[in-house]
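Notes follow once the structure below has been shown.
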Amino acid sequence: MNPDFMTETRREVFGNIAPWMQWVFFALMAASLGVLVWQVFRHFQQWRRGERGGFERSPRVWLERLIVYALAQKRVHKKSLGALLHGLLFSGFVVLTIGTTLLGIAHDGPYDFHHGWYYLFYELTMDVFGVAFIIGCLLAMYRRGFRRKPSLGHNWRDWFLLGVLLSLGITGFAVEALRMHYTQVTPWVAHWSTVGWLIDSTFLQGLSIGTAKTMHLMTWWLHTILVAGFFVTIPVDRFLHVITGPLNIATRPERPMGTLVPLTMEEVEKTGRTGVHDLNNFNQQQLLSLDACMECGRCEDACPAFASGKPLSPKKVVTDLRHLMSLGGGNVHDTIKDETLWACTMCQACVQECPVLIGHVDLISDMRRDLIGEGKLSGPPAKTLQQIGNQANPYGRPNSDRLAWAEGLDVPTAESNPDFEYLLWVGCAAAFDPRAQKVARATVQLLKEAGVNFAVLGKEETCTGDPARRIGDEFLFQERAQTNVETLNNHKVKKIVTPCPHCHNTLKNEYPQFGGQYEVQHHSSLLAELIGDGRLKEGSANDDPITLHDPCYLARVNNETEATRRVIGAPNDSNYREMPRHGKKTFCCGAGGGRMWFEEPPEQRVSNLRAQEAIATGAKTVATGCPFCLNMMTDGMASAQGGSEVKVLDIAEILLARSDANAKAGTREGAE
Ligand code: SF4
Ligand code: SF4
């Protein structure tokens, strides 16, 4: 090898470009970058019109999120064409941008490191990722042309952007090949610039040096103009997300999914409103988040309200608000209709899917709060709120009836058994709804069977306020939360177990906002522990196929997907069948977000879709772990074809019915 290899193996930069052209080049780049910065600054000014703050402040969180969601693109990973092409485009874009920047630094900076082995590997890397970038563009065009996923959205700007990106990739390789041709690169070195060498050796043989130089100059200018045009158009198409996406990913406030932000009376007195009425009532971080949307449609694909034909698409909520922001703001209710806001089940599927971490539920909740403040809710859900206010439960029953479900079971109360280990938080559904009462009874029987030291609050328990908070009546929620926290703290409660995922979420994630810190378990989790400790027997499964519907606020929001399966013996049951949408990717039953209390036409019921999905597994039993899912799925089965043969049961009912002890005693209630 030539001893001067390390210094001689390099490429020329601007070799074919006259000095005056280089000045034009730098002026063009500076101007286009200037326009880019100016346009981003205009977006920045739009965000600044919002209420101050809302940003995550921890640099550790920023860094972690940027690594996981921006760099590793955790939310984009899927076995799909969209994920593949995005991966190719993203990696190609990032590597080509870094590579071009390094070349600029080496050429114009104090250290010239662009030679020798570094140069060779640089060339190979740039070629590999350049090819990835071009393939990504072609796949994106193919998807837009032949696999027109409706939620993706289609307009001429997307084709224009893809055309510019593809042209950038192709002209980049053409410039490389022509430069290699007129500089007569030695073959050994040329092979490292593989694509350029292939183009040169296949298409450019016989071309004179002079012609190659002229063609190089023309192609170089075309490439330069495309780069400048690309910079200028970034802020006006969906490519803006390369800037705003990472910004939103880093700065979205960190809090458990399913936790809403409390509103204070001081804020209401200061602003004269209870929620977001004008676009600029959103905080600055929320306004930034609107600009982060890349219109990928993942949120819409996951949305049960959209799937069931309701007038809600989380993507459209975001893009409509963004459009309003571009107009300088205005009344959000003129843009987002009331029925759109009420259609949300707050299942958090959209939030879970969004690759740039947009908080759709916070946006919707803030606008709902304003509707409540303006008295825009009527009918059954309004009555529900009234009943929570007057009777402390959404069913409108006297709270003194709260222990009616426990008749004959000799259930210990916090008064009769003050040294309890677990407080069994029954929840309003299990206390008052005849079907859900059976779940409370089954749970109590199992806890007794396992010898758990527990108690219930009885008449002292009131609604957690969850339906009020989701519907948008924040102060009604806070009234319930403060009363319940006081009761729980008076009884020195440390551990809570509940059969309701909504109570579980509120007690665990939202009561700390009001001074209530408890160790909260869903009954599936405690029952699974008791089975693991040998304190409860699983019993043998029957021969009928069974499936499980994961409640959103248990699986998706609180990450509990194994205990429910463990309780019904799914891991060892050859008859157990999983629905396509299961675990954290479950599909809502339609009851969340206060929708349990809304009337809706039969053809728009989410529960019908979910029931059909369950029936398609061939299961004869659908297990679940939520009194509201139990109700909705039962309704769904009643109207779905083949649903009349399918039983819907809570996991506690199934465990109780299967337990050996139950069979022996022959006196306990089984599940019906
Ligand atoms: S929370 Fe659920 S229902 Fe509401 S917009 Fe998101 S996906 Fe749709
Ligand atoms: S909000 Fe998020 S998931 Fe929905 S279209 Fe925009 S980027 Fe995609």
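List of remarks:
- Members of the range 192-211 that are without any contact (Cβ under 8 Å) to a residue 40 or more places away in the chain and closer than 11 Å to VAL175 by Cβ: ILE199
- Verdict on GLY472 being more than 16 Å from ligand 2 (Cβ to nearest atom), out of contact with any Cys (no Cβ under 7 Å at 6 or more places or on another chain), in contact (Cβ under 8 Å) with a residue 24 or more places away in the chain and under 25 Å from GLY373 (Cβ atoms): yes
- Within the range 312-325, residues that are of a type in the set (S, T, N, Q) have Cβ atoms under 7 Å from residues that are within 10 Å of ligand 1 (Cβ to nearest atom) in these pairs: SER313/GLU300; SER313/CYS303; SER313/PHE306, counting only partners at least 6 apart in sequence or on another chain.
- The set of residues in the range 265-303 that are of a type in the set (A, V, I, L, M, F, W, C) and not in a loop (DSSP other than H, G, I, E, B) comprises MET265, VAL268, LEU279, LEU287, LEU288, LEU290, ALA292, CYS299, ALA302.
- Output for the range 200-227, where each listed residue is surrounded by 19 or more Cβ atoms within 10 Å (Cβ to Cβ) and small (Gly, Ala, Ser): ALA212
- Qualifying position, being out of contact with any Lys or Arg (no Cβ under 9 Å at 6 or more places or on another chain) and within 16 Å of ligand 1 (Cβ to nearest atom), among ASP334, ASP338, ASP320: ASP320
- The single residue among GLU339, GLU300 that is among the acidic types (Asp, Glu) and in contact with a Cys (Cβ under 9 Å, 6 or more places away or on another chain) turns out to be GLU300.
- Helices (runs of 4 or more DSSP H) fully within the range 85-198 counting 1 or more residues that are under 17 Å from HIS223 (Cα atoms) and modelled with pLDDT under 95: 156-183
- Taking the criterion of being free of Cβ contacts under 8 Å to residues at least 60 places away in the same chain and surrounded by 22 or more Cβ atoms within 10 Å (Cβ to Cβ), the residues of the range 587-611 that qualify are CYS589, SER607, ALA611.
- Evaluation of GLU56 against (1) in a loop (DSSP other than H, G, I, E, B); (2) modelled with pLDDT under 95 (one fails), failing number: (2)
- Residues within the range 294-349 that are over 14 Å from ARG595 (Cβ atoms), buried (at least 23 other Cβ atoms within 10 Å of the Cβ) and more than 15 Å from ligand 2 (Cβ to nearest atom), tallied: 1
- Single residue of the range 597-632 satisfying the filter (assigned to a helix (DSSP H, G or I) and acidic (Asp, Glu)) that is modelled with the highest pLDDT: GLU613
- Assessment of the range 149-158 against the conditions (more than 16 Å from ligand 2 (Cβ to nearest atom), of a type in the set (Asp, Glu) and touching a residue at least 24 places away in the same chain (Cβ under 8 Å)) yields no matching residue.
The values are calculated or read from the model by the stated rules, or taken from the named source; none is laboratory data. Quantities reported herein were computed from a predicted structural model and do not represent experimental measurements. When we count neighbours, we look across all protein chains shown, and the Cβ atoms used for this are built from the backbone with ideal geometry, even at glycine.
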